[in-house]
Amino acid sequence: MSDTHLLVQTTCPDIESARELAATLLDLGLASCINLVPGIESHYNWEGERKSGTEILLLIKTAAQSYGALQNAITDNHPYELPEVIAVPINAGLPAYLQWVSDSVTTSTDPVTDTSQR
C-alpha cells in the first residue's frame, strides 16, 4: 500500500503542447513518467456555452510531496486559461515501480498556492 504517490491528470489541446508540458515537468524533476493519451473527446460547459473538442490526456506519476510544485508548474506552463489538474492517490502498486517513482522525482515541499486568480 502507498499513500505517498499520486496520479495527476491534465489535458492539452494538441500533441505539441502536451509534449512540451511533459518535457518541462520531467526537466523540473516533478514527475517520473508521463503518458500522453491522444484522441480524448471532451464535452464541457465554458462561459455559458456547450463546448467539445479533441484533447491529449496527460497521466503524470509523481510523489505526493511534490504535488504543490507540480501544480504550479502545470498552471504556469499550460496553454489553457483554466487547466484541468486532478490528483488521485495511488493506494497500491508494484513496490519496485513505486520506489522508482519516488527515486525519480525531486522532493519538493513547495506549498500549493491559490491559483484561482490565474
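What follows is calculated from the coordinates using simple rules that are stated; it is not laboratory data. Keep in mind that what you see is a predicted model, and the values were worked out from it rather than measured. Reconstructed Cβ throughout: ideal geometry from the backbone, glycine too, with neighbour counts over all protein chains shown.
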In the set (1) 14.8; (2) 16.5; (3) 16.0, which value of Kirkwood radius over Cα pairs in Å was calculated from the structure you see? (1)
Protection-proxy order for peptides 67-73, 46-52, each taking the mean of Cβ atoms within 10 Å per residue, highest first: 67-73, 46-52
Checking Asp14, Asp76, Asp27 against a Gaussian network model of the chain (alpha-carbon springs below 10 Å), the top fluctuating residue turns out to be Asp27
For Ile90, the residues 5 or more places away or on another chain with a placed amide H closer than 5 Å to its own amide H are His5, Leu6, Leu7
Once every DSSP H run of n ≥ 4 in the chain is given -39500 (n - 2.57) and the sum is divided by its residues, what mean residue ellipticity at 222 nm do you get, rounded to the nearest 500 deg cm²/dmol? -9000 deg cm²/dmol
Residue-count net charge about Glu55 - beta-carbon cut-off 10 Å; Lys, Arg +1, Asp, Glu -1: -3
In the Gaussian network model of the chain, springs joining C-alpha atoms below 10 Å, which of Ala22, Ala92, Ala63 carries the largest mean-square fluctuation? Ala92
Using only Cα atoms and rounding to the nearest 10 degrees, what angle (0 to 90) does helix 15-27 make with the longest principal axis of the chain? 30
